[in-house]
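Here is the structure we will look at.
The values are calculated or read from the model by the stated rules, or taken from the named source; none is laboratory data. Not measured: the values here are computed from a predicted model. Cβ sites come from the backbone with ideal geometry, for glycine too, and all protein chains shown count toward neighbours. Just so you know, the surface numbers come from the protein's heavy atoms only, side chains and all, with ligands and any DNA or RNA stripped out. Shrake-Rupley method; radii C 1.70, N 1.55, O 1.52, S 1.80 Å.
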Amino acid sequence: MRIMEQITAKLTEGGRLVIPSGIRKEMNLAIGDEVVMIRRGNELVILSRKEAVRKAQALVRKKVKPGRSLVNELLSERKEESARE
């Protein structure tokens, strides 16, 4: 994986942007795959869905203390809500 690389592409009709085949292969993208686009000011970052999820999980992991299970907490809350209904 390259840290930084400049790639030139052209916008086509309808605002379509073609990701070069070499980049698609490196990112394991296939036709029909969804990508996540992040806008940072005037920059556009394109991530595979898998990479976006990985980054989100890493961000959450930084904020959650080791041994704490957010899944278990959510399930417990849902059970309590269900019991009240």
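General remarks:
- The chain: angle of helix 49-63 to the longest principal axis, Cα-based, in degrees nearest 10: 40
- Per-atom-type breakdown for the chain gives carbon and sulfur 54% of the accessible area (1.4 Å probe, protein chains only).
- Extent along principal axes [Cα atoms of the chain; Å; largest to smallest]: 56, 30, 27
- Theoretical gain in end-to-end length, Val60 to Ser48 [0.36 nm per residue, Cα-Cα removed]: 2.5 nm
- Only Cα pairs under 8 Å and 6+ residues apart enter the sum, and on that basis the relative contact order of the chain stands at 13 percent.
- The residues of the chain have, on average, 98 Å² of accessible surface per residue, using a 1.4 Å probe with all protein chains present.
- Checking every one of the GluC sites (Glu not before Pro) in region 1-58 against DSSP loop status and a limit of 14 other Cβ atoms within 10 Å picks out Glu5, Glu34.
- Solvent exposure of Arg54, expressed as accessible area, is near 120 Å², computed with a probe of 1.4 Å over the protein chains only.
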